[in-house]
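The structure appears below as structure tokens.
The values are calculated or read from the model by the stated rules, or taken from the named source; none is laboratory data. The structure presented is a predicted model; accordingly, all values stated were derived computationally and were not measured. Using ideal geometry, Cβ is built from the backbone for each residue, glycine included, and neighbour counts are taken over all protein chains shown. Surface accessibility is based on the protein's heavy atoms, side chains included, excluding ligands, DNA and RNA. Shrake-Rupley method; radii C 1.70, N 1.55, O 1.52, S 1.80 Å.
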Amino acid sequence: MSHPLLERHLERQAVKPLYLFYGDEEFLMDRALARLEAGLRDDQGEPPVKSLFYAPSPKPRTGFRDDQDEPAAKPVREAQEVEMAEFLAEARVATLWGPGQLLVMRRLELNAAAFKAINAYLDHPAPRTWVVLMAEGAKNRDLAKNPVGGRLQKEEAALGFSRLREGELHQWLTREARQLGKNLTLAAAQRLVEMVGDNLAELSQELEKLALFAGAENTLTPALVTQLTSHSRTYNIFALVEALGTPGFHQRLTSLGQLLDLGEQPVKILGMLARQVRLLIRVKEGAGASPMELARSLGVQPWQLKNLTQQGARFSDAALRRHLAMLHQVDLHLKTSTGNPRLWLEWALIKMGPG
């Protein structure tokens, strides 16, 4: 299952010439794109010629970063930055191969110029061509700002992919497990989210490993989840940031050692630590706001906000800002020093206790 509207269009063989994928959940966007590509194969199984483009990106940021690297794009005919007008002009260049062509533009910013170009293309779409525009992070309100957004929604061409709420996440995991031939209990789904987090790509990966690990066993239980995921990178990163608020440093160093033994890169570990400290600072700054509004602004689930609030209470504002400054210092040493990265991370974690 990718998106209900897309599944219905494929079932009725009424695929739209242009789709706008928008929202926060890129994993579901990528899955829908793969489903569309598979659904456009001809009778001989030949896929459309796929071309990938990117909207022009803003100027790159400099300095310390705590975000993760984007996954590598799948091999396609093109992967370059182009303006919207050039991209849509490319859609009108007919291909001689296969059932047609599938053109994808990522990182689209929904502004007046983009909507104008989309509207003109919708009036006269190219034959044997399917266009997918991916506006990662865009919201419903971004579509509401322009009448073309309403047109896309009316024509069922705007497909939203929002982050799943906690209950929806458990249901999604249950359906995913069923497709793998397994029965995932609600308690096991809850345990999996607690140990891995709410990143769908990581949850999907851990669930696939769990299904293989279970072998002939049909039911995936909480004990089975704990047994497997406690040896994963994802869980150990989660355990490391959770250990920041615990007294003593032994648990933090143990989690760090497990991560390094699993092959995790020191720079990624440092980034996750910095992200956690920034979240704790923002949680303390947001004291007094409604939990739902605060969770939305932070981009976390309500249960994660509860954990952050409990952890943040163990730190003073001054301590958190000292910890963040120290992580910046470690980042500088990792980039400029020939010393052992593990020693720098251990030094930071020893000092990052509550207070």
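A compact table of results
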{"read-out": "Heavy atoms of HIS333: accessible area, 1.4 Å probe, square angstrom to 10", "value": "50"}
{"read-out": "Distance histogram in 5 Å bins (all Cα pairs of the stretch 175-259, percent per bin)", "value": "3, 15, 26, 22, 15, 10, 6, 3, 1"}
{"read-out": "Above-threshold pairs, the threshold being 25 Å between Cα atoms, out of LYS50/LYS268; LYS209/LYS268; LYS284/LYS351; LYS284/LYS335; LYS16/LYS139; LYS116/LYS154", "value": "LYS50/LYS268; LYS284/LYS335"}
{"read-out": "Gain on full stretching of the segment that runs from ARG278 to LYS154 - 0.36 nm per residue minus C-alpha separation", "value": "40.6 nm"}
{"read-out": "Solvent-accessible ranking of SER51, SER290, largest area first, probe 1.4 Å", "value": "SER290, SER51"}
{"read-out": "Fully extended contour minus Cα-Cα distance, from GLN205 to ALA94, at 0.36 nm per residue", "value": "36.2 nm"}
{"read-out": "Probe 1.4 Å - accessible area at GLU293, Å² to nearest ten", "value": "110"}
{"read-out": "Point-to-point label distance, VAL15-TRP347, nm (Cα→Cβ direction, 7 Å offset)", "value": "5.6"}
{"read-out": "Taking N as its residue count, the alpha carbon Rg of the stretch 81-184 over 2.2 N^0.38 Å", "value": "1.35"}
{"read-out": "Estimated distance in nm for a label pair at GLN171 and GLN310, the labels positioned 7 Å out from Cα along Cα-to-Cβ", "value": "2.7"}
{"read-out": "Dipole axis of the stretch 191-323 (+1 Lys, Arg; -1 Asp, Glu on Cβ), positive-most option in THR254, ASN199, ASN218", "value": "THR254"}
{"read-out": "In degrees, nearest ten, helix 302-312 long axis to first principal axis of the chain (Cα)", "value": "30"}
{"read-out": "Angle between the chain longest axis and helix 166-179 axis [Cα atoms, degrees, rounded to 10]", "value": "70"}
{"read-out": "Debye intensity ratio I(q)/I(0), log10, the chain, q values 0.14 Å⁻¹ (C-alpha model)", "value": "-1.26"}
{"read-out": "Simple Cβ-charge dipole of the chain, Lys/Arg +1 and Asp/Glu -1, about Cα centre, in debye nearest 20", "value": "760"}
